1. Any idea which of (1) open to solvent by less than 70 Å² (accessible area, probe 1.4 Å); (2) touching an Asp or Glu at 6+ places or on another chain (Cβ under 8 Å); (3) modelled with pLDDT of 95 or more is the one F33 doesn't satisfy?
2. List the pairs whose first member sits in region 47-67 and is over 28 Å from F33 (Cα atoms) and of a type outside the set (S, T, N, Q), whose second member is part of a helix (DSSP H, G or I) and at pLDDT below 90, and whose Cβ atoms are under 9 Å apart, counting only residues at least 6 apart or on separate chains?
3. Among the hydroxyl-bearing types (S, T, Y) and either within 15 Å of the chain's Cα centre (by Cα) or open to solvent by 100 Å² or more (accessible area, probe 1.4 Å) (or both): is that true of S21 in this structure?
4. Would a scan of region 48-66 turn up a residue that is at pLDDT 85 or above, under 20 Å from E4 (Cα atoms), open to solvent by less than 80 Å² (accessible area, probe 1.4 Å) and within 18 Å of the chain's Cα centre (by Cα)?
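The values are calculated or read from the model by the stated rules, or taken from the named source; none is laboratory data. All values derive from a computational prediction rather than experimental measurement. Ideal geometry is used to build each Cβ from the backbone, glycine not excepted, and the neighbour counts take in all protein chains shown. Surface accessibility is based on the protein's heavy atoms, side chains included, excluding ligands, DNA and RNA. Shrake-Rupley method; radii C 1.70, N 1.55, O 1.52, S 1.80 Å.
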Amino acid sequence: MKRERATTLLNDMLDRLEEGSWPLGLVDEILVFGSYARGALNPSDVDLVVEHRRDDRLTSEFLHACPTAATLPPR
């Protein structure tokens, strides 16, 4: 993908995060790494780390949407 497109996608994501509606309001920090962060003109993707607060509602909705996740060992 062209860097310009990746930047547009990142900016769109950040705009939605700034709105703060649930569950996006749980996000505390976004870290960008990889080829995009190094300045690649044609990154194949955009690598992100999303740091967020835990929330019982989010956990409950995730387990409802992905029932097999309930069988995974806790981290």
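1. If we test F33 against (1) open to solvent by less than 70 Å² (accessible area, probe 1.4 Å); (2) touching an Asp or Glu at 6+ places or on another chain (Cβ under 8 Å); (3) modelled with pLDDT of 95 or more, just (1) comes out false.
2. L63/A69; L63/A70
3. Numbers: among the hydroxyl-bearing types (S, T, Y): yes; either within 15 Å of the chain's Cα centre (by Cα) or open to solvent by 100 Å² or more (accessible area, probe 1.4 Å) (or both): yes.
The answer is yes for S21.
4. yes
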